[in-house]
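Just so it is clear, none of the values below were taken in a lab; they were calculated from the coordinates. Here the structure is a predicted model, which is why all the values come from computation and not from measurement. Cβ atoms come from the backbone with ideal geometry, glycine included; neighbour counts cover every protein chain shown.
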Amino acid sequence: STQIQLAARPVGWPTAADFRTVHVDLPDLAPGEIRVANEFVSVDPYMRGRMNDVKSYSPPYALDETMTGGAVGRVVATAADGVAVGDVVVHQYGWRDLVQAPAEGFRVVPELPGVPLSAYLGVLGMTALTAYVGLLDIAGMQPGDTVFVSGAAGAVGSMVGQIARLKGAGRVVGSAGTPEKVALLTSKYGFDAAFNYKDGDIAGQLALAAPDGIDVYFDNVGGEHLEAALGAFKDGGRAALCGAISNYNTTEASAGPRNMSNIVTRGLTLKGFTVGNYLQHFGAFSAEMSGWLTSGAVVFDETVVDGIDNAVEAFLGLMRGENTGKMVVRTVA
Ligand code: NDP
């Protein structure tokens, strides 16, 4: 099994030297174990936080241990009742091509016609659940609301925009970091307006895109985006604080928004969340999202990087914005 380990705690932007690749011989299966050949491994922004040795909602990665995280693969050998060779399983064993462990650590999922297995890491998995919970439960989006989402062409953001439209948002506005992504937001994902935050003046661009103000802000980015949203809110506006990727590789704490007083004067509600605390919504999410996928009401993109040896590059590419939709590593076992 080829596995990627964290070798050192990155300071600022991670580099290849912070990781190492190891080759592990797998022992014979013990009773109750299965062996899985991964097909897709997830790289996610939250992993950057886990590379630091700080207390957070998920514990830090241990040095010299294989990077854990979402992955999907196929059973190639089994010593467990109820799991057959060929079954597709989702698990959290992360950055490796082959994984062997007790069957309890895996969830068997159906293979859906026309849907790649990588969908279980994105549109049918954690990132789309995050969008669903954050928009509907945390921000409490109502029909007619004007919704603004940052990081809008990413795995979470592209789902937020589409779910908002399907749930009757009045206007959906997104921001992203390249002209191609901005074009995709309106041409493919059904956003009403979109802008490139790298063109600068985020507050000004948001005011043009949502001239009557916003009711809901789904924050993937933090920093200047959050300040712009605070400036654009109508009275009673609500934000779901999902992530702050603009700060993940900085070495100094970023300044807070300078217009926090708007929270008081406009009666705003800002609520943070981590999806792991809302897994009770997975059933409702799955049912609704499968329907939308099958009917074509929701579309999705993925950026696929080949080879487990390129997992670090894929992760860094995600942080640099090289992905459209979900970033995944395709594993050739
Ligand atoms: P994405 O697919 O959105 O990939 C990350 C994207 O972030 C990049 O493609 C890039 O797009 C954008 N980005 C990078 N740097 C910056 C920057 N300085 N300013 C603005 N945008 C930037 O990742 P996910 O959809 O998986 O995650 C999106 C957010 O949601 C992250 O903040 C993540 O931590 C958070 N998250 C939170 C969860 C929770 O439970 N609270 C669960 C899952 C994700 P671009 O080209 O547009 O810059």
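Averaging sequence separations of C-alpha pairs under 8 Å and six or more residues apart, then dividing by the length of the stretch 126-276, give the relative contact order as a whole percent. Please list the in-between numbers first.
Values: 321 pairs, mean separation 34.4, N = 151.
Normalised by residue count, the contact order of the stretch 126-276 is 23 percent.
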Under the Karplus curve 6.51 cos²θ - 1.76 cosθ + 1.60, θ = phi - 60°, whole-Hz ³J(HN,Hα) for the stretch 299-316, x wherever Gly or Pro sits: 10, 8, 10, 9, 10, 10, 10, 8, x, 4, 4, 9, 4, 5, 4, 5, 4, 5
How much of the DSSP beta bridge set in the chain is antiparallel, as a percent to the nearest 5? 55
By average Cβ neighbour count within 10 Å, what is the ranking of 316-324, 70-78 from highest down? 70-78, 316-324
Which lysines does K326 reach when only Cα atoms under 16 Å apart count, and residues fewer than 8 places away in its own chain are ignored? K181, K188
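Loop-only trypsin sites (Lys or Arg not before Pro) in the stretch 245-308, please: DSSP not H, G, I, E or B, and at most 11 other Cβ atoms within 10 Å.
Numbers: sites: R258, R266, K271; in loops: R258, R266.
Answer in residue order: R258.
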Hey, fewest Cβ within 10 Å first, where do K234, K181 land in order? K234, K181
Which of G114, G177, G200 fluctuates most in a GNM of the chain (C-alpha springs under 10 Å)? That residue is G114
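Please give the FRET efficiency for S261 paired with L208, using the beta carbon to beta carbon distance and R0 = 25 Å, rounded to the nearest 0.05.
Calculated transfer efficiency: 0.55.
Based on the alpha carbons, how large is the Rg to Rh ratio for the stretch 126-276 when Rh follows Kirkwood?
Numbers: Rg = 13.8 Å, Rh = 14.9 Å.
Ratio of gyration radius to Kirkwood radius for the stretch 126-276: 0.93.
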Which one of G134, L279, G213 is farthest out on the positive end of the charge dipole of the stretch 122-279, using unit charges on Cβ (Lys, Arg +1; Asp, Glu -1) and the Cα centre as origin? L279
Given the options V304, V24, V41, which has the most mean-square fluctuation in a GNM of the chain, springs set between C-alpha atoms less than 10 angstrom apart? V24
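Net charge within 14 Å of L63 by Cβ-Cβ distance, Lys/Arg positive one each and Asp/Glu negative one each, not counting L63 itself?
Values: positive: R9, R20, R50; negative: D18, D53, D64, E65.
Result for the local shell: -1.
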Fully extended, how many nm does the chain gain between A284 and L63 (0.36 nm per residue separation, minus their Cα-Cα distance)? 75.8 nm
Just to be sure I understand the model, the point goes 7 Å from the Cα along the line to the Cβ. What's the resulting A37 to V108 distance in nm? 2.0
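Take every Cα pair under 8 Å in the stretch 216-331 that's 6+ residues apart, average their separations, divide by the length, and report that relative contact order as a whole percent.
Values: 138 pairs, mean separation 24.5, N = 116.
Here the relative contact order equals 21 percent.
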With unit charges on the beta carbons (Lys and Arg positive, Asp and Glu negative) and the dipole taken about the Cα centre of the chain, which residue among T269, G321, A240 sits farthest to the positive side? T269
About its Cα centre, what dipole magnitude does the chain give when the only charges are +1 on Lys and Arg Cβ and -1 on Asp and Glu Cβ, stated in debye to the nearest 20? 680
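Loop only by DSSP, 13 or fewer other Cβ within 10 Å of the Cβ. Give me the GluC sites (Glu not before Pro) in the stretch 25-99 that pass, ordered by residue number.
Passing both the DSSP loop test and the Cβ count: E65.
Is the C-alpha gyration tensor of the stretch 1-141 telling us rounded, prolate or oblate? Criteria: a/c under 1.5 is rounded; beyond that, a/b larger than b/c is prolate, otherwise oblate. Each step should come with its number before you reach the end.
On the way: a/c = 2.07, a/b = 1.11, b/c = 1.87.
The shape class here is oblate.
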Across L230, L29, L270, the residue with the highest GNM fluctuation in the chain (Cα network, 10 Å cutoff) is L29
Assigning unit charges at the beta carbon (Lys, Arg +1; Asp, Glu -1) and nothing else, what dipole magnitude in debye, to the nearest 20, does the stretch 126-276 show about its Cα centre? 280
Given only helices, namely DSSP H runs of n ≥ 4 each adding -39500 (n - 2.57), what is the per-residue ellipticity at 222 nm of the chain, to the nearest 500 deg cm²/dmol? -6500 deg cm²/dmol
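Mind giving me the FRET efficiency for L26 and K55? R0 is 35 Å, r the Cβ-Cβ distance, nearest 0.05 is fine. Kindly include the intermediate steps, with their values, before the conclusion.
Working: r = 33 Å, r/R0 = 0.95.
Rounded to the nearest 0.05, the efficiency is 0.60.
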Per the C-alpha gyration tensor (a ≥ b ≥ c, the square roots of its eigenvalues), the chain is rounded if a/c is under 1.5, else prolate if a/b beats b/c, else oblate; here it's prolate
Only Cα pairs under 8 Å and at least 6 apart count here; give the relative contact order of the chain as a rounded whole percent. 18
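Is the shape of the stretch 245-289 best called rounded, prolate or oblate, per the rule: a/c under 1.5 gives rounded, else a/b larger than b/c gives prolate, else oblate, with a ≥ b ≥ c the square roots of the Cα gyration tensor eigenvalues?
Working: a/c = 3.74, a/b = 1.56, b/c = 2.40.
Here the stretch 245-289 falls in the oblate category.
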